[in-house]
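The values are calculated or read from the model by the stated rules, or taken from the named source; none is laboratory data. Just so we're clear, the structure is a prediction, and the values are computed from it rather than from any experiment. Cβ placement follows ideal geometry from the backbone for every residue including glycine, while neighbour counts extend to all protein chains displayed.
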Amino acid sequence: MTAASLPPPILLVLGDEELLATRAVTDATDAAVAVDPDADVRSYEAGALTVGEIAEMLSPSLFGGRRVLVLRAAQDARKDLVTALVAYAKNPDPDVHLIVVHAGGAKGKAFADGLKAAGAQVVPAVKLKGHRDRVAFVRDEIRRAGGRCTDDAAEALLAAVGNDLRELASACSQLIADTDGRIGADTVARYYKGRAEVSGFTVADAAVVGDLPAALEALRWALHIGVDPVPIADALADGIRTVARVSSAGRGSAYQLAGSLGMPAWKIERAQRQSRGWTPDGLVTAMRAAADCNAAVKGGADDRAYALERAVFAVAAARREGGR
């Protein structure tokens, strides 16, 4: 690795699209760790930091070594902290990589503007508003995973999954895992049927956080419009399994756990939020219910819709009982 592989001394991740922001932080952190495996990586909330604390973090270390400091929700930083960091950005320590995550917008705009004026490298992370932008995102996501995707396949996936980038990224990953990597509209059609304002991910997300009414409504609508039961069962099992893996990994930031868990940081952050209210026993019960559902749905059960509905009830009950 060369110095050119390192992230810049000051990186400003600007925008409110969670997936893109998290991915930018992960990419920069991974790049620093790839060059120096002993790099000290730390994450802080800007609104909770004082000038004294940030000065200590940025000061030269007695032991040397590379440091990566991630400052989240930078729009919440106090004025004295903003002043100190903008001044630092004009002459940063080459062994320190400061990654500032700012949601954009009017709040804290002076901080973002000051960093840009000081020479910070900017990575846009704004929400994708145009349809063509989302089509390009799907194609790029498939390409990142080593596959190929036609425009009509990307259009079909957007129609099936919706516009949420996290769900689109998960769907792309699933398609790549289950195919030879060449994604056409016919590939998407095998997974998603009909108009899919809802998908298996919608059902799974609601079930995992214990929102039984929303999960049942999404499930019944998905089945009504023709979504195949198999990807719904897969999404439910994957959601529970992901929460279980992340919960068992213990505390730590998403990008610190990403390597050991083999998951993208945004998926870990999502599972960390979803894991609130779960106990180990509850997760074991839920995984059994999901496994039974998968066996029924894929084994040709007479009533696959009933098997899915029963699994949703069981998952919600496991979370509810485990939280008592």
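Output yes when any residue across region 227-241 is more than 15 Å from residue 202 (Cα to Cα), in contact (Cβ under 8 Å) with a residue 24 or more places away in the chain, assigned to a helix (DSSP H, G or I) and in the same structural domain as residue 309 (by TED's automatic domain parsing), and no when none is.
Quick first cut of region 227-241, residues more than 15 Å from residue 202 (Cα to Cα) only: 241.
Then drop every residue that is not in contact (Cβ under 8 Å) with a residue 24 or more places away in the chain, which leaves 241.
Checking which are assigned to a helix (DSSP H, G or I) leaves us with 241.
Then drop every residue that is not in the same structural domain as residue 309 (by TED's automatic domain parsing), which leaves 241.
Yes: region 227-241 contains one or more residues that are more than 15 Å from residue 202 (Cα to Cα), in contact (Cβ under 8 Å) with a residue 24 or more places away in the chain, assigned to a helix (DSSP H, G or I) and in the same structural domain as residue 309 (by TED's automatic domain parsing).
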Considering region 137-172 alone, what residues qualify as being part of a helix (DSSP H, G or I) and surrounded by fewer than 18 Cβ atoms within 10 Å (Cβ to Cβ)? 140, 143, 144, 151, 152, 155, 159
In region 11-62, how many are closer than 20 Å to residue 85 by Cα, free of Cβ contacts under 8 Å to residues at least 40 places away in the same chain and not in a helix (DSSP H, G or I)? 9
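Any idea which residue in region 95-109 is surrounded by the fewest Cβ atoms within 10 Å (Cβ to Cβ), counting only those that are among the aliphatic types (A, V, I, L, M) and more than 19 Å from residue 84 (Cβ to Cβ)? Spell out the reasoning first.
Step one: filter region 95-109 for residues among the aliphatic types (A, V, I, L, M), giving 96, 98-101, 103, 106.
Filter again for more than 19 Å from residue 84 (Cβ to Cβ), leaving 103, 106.
Numbers: 103: 21, 106: 7.
Per the stated criteria, the residue is 106.
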Of the numbered conditions (1) basic (Lys, Arg); (2) surrounded by 15 or more Cβ atoms within 10 Å (Cβ to Cβ); (3) farther than 20 Å from residue 244 by Cβ, residue 298 satisfies every one except a single condition; which is it? (2)
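Would you check which residues across region 63-83 are in a loop (DSSP other than H, G, I, E, B) and farther than 21 Å from residue 255 by Cβ and list them? It would help to see each step written out before you state the result.
Kept after step one, since they are in a loop (DSSP other than H, G, I, E, B), are these residues of region 63-83: 63-66, 73, 77-78.
Residues satisfying the conditions are 63, 64, 78.
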Which members of region 84-105 meet the condition of being without any contact (Cβ under 8 Å) to a residue 24 or more places away in the chain and not in a loop (DSSP other than H, G, I, E, B)? 87
